[in-house]
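Just so it is clear, none of the values below were taken in a lab; they were calculated from the coordinates. This one's a predicted model, so the numbers in the text were calculated from it and none came from an experiment. Reconstructed Cβ throughout: ideal geometry from the backbone, glycine too, with neighbour counts over all protein chains shown.
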Amino acid sequence: NCEGMIQRAKDAEKNSLVPYGNNIKGVLEVIKNEKWVGDRPVGPLGLFVKAKDAAKWGALLRSQLSQYLTAFAVTNNADRGKLNKVLGSFNKYSILISLPAWS
């Protein structure tokens, strides 16, 4: 219904996590509080992506990069498995990208 859509749009303006679905706040809280072998995982990566002209490029970026916007990055293979379990415990399934540790 229209009222529900309007409310969700207002919520999205207030909360940058809304596009990443239910329970993402819980996932981020667990990530923050866990001990990691490498650097703390980063994500969802879409939180760090901003289109210079969202009206012009937003829809294209969402359609082409949607899987990667919800992805998380880790710097250690052991952390990859651990993060995968954390995501699964919240019924979140995402691409995990392995990166070298930051220098």
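Within the straight-line cut-off of under 21 Å between alpha carbons, the lysines reachable from Lys82 are Lys25, Lys32, Lys35, Lys92, sequence neighbours fewer than 8 places apart in one chain being disregarded. You can think of it this way: the chain between Ser66 and Ala101 has 10.1 nm of extra reach, that is 0.36 nm per residue less the Cα-Cα gap. Kindly state, to the nearest 0.05, the FRET efficiency for Lys25 paired with Asn1, given R0 = 25 Å and r defined as their beta-carbon distance. Efficiency, rounded to the nearest 0.05: 0.50. Computed per residue of the chain from DSSP H runs no shorter than four, each worth -39500 (n - 2.57), the mean residue ellipticity at 222 nm is -16000 deg cm²/dmol.
Three principal axis extents describe the C-alpha atoms of segment 1-63; from largest down they are 44, 27, 18 Å.
If the Kirkwood radius is taken over C-alpha pairs of segment 21-103, then at 20 °C and 1.002 mPa s the Stokes-Einstein diffusion coefficient equals 158 µm²/s.
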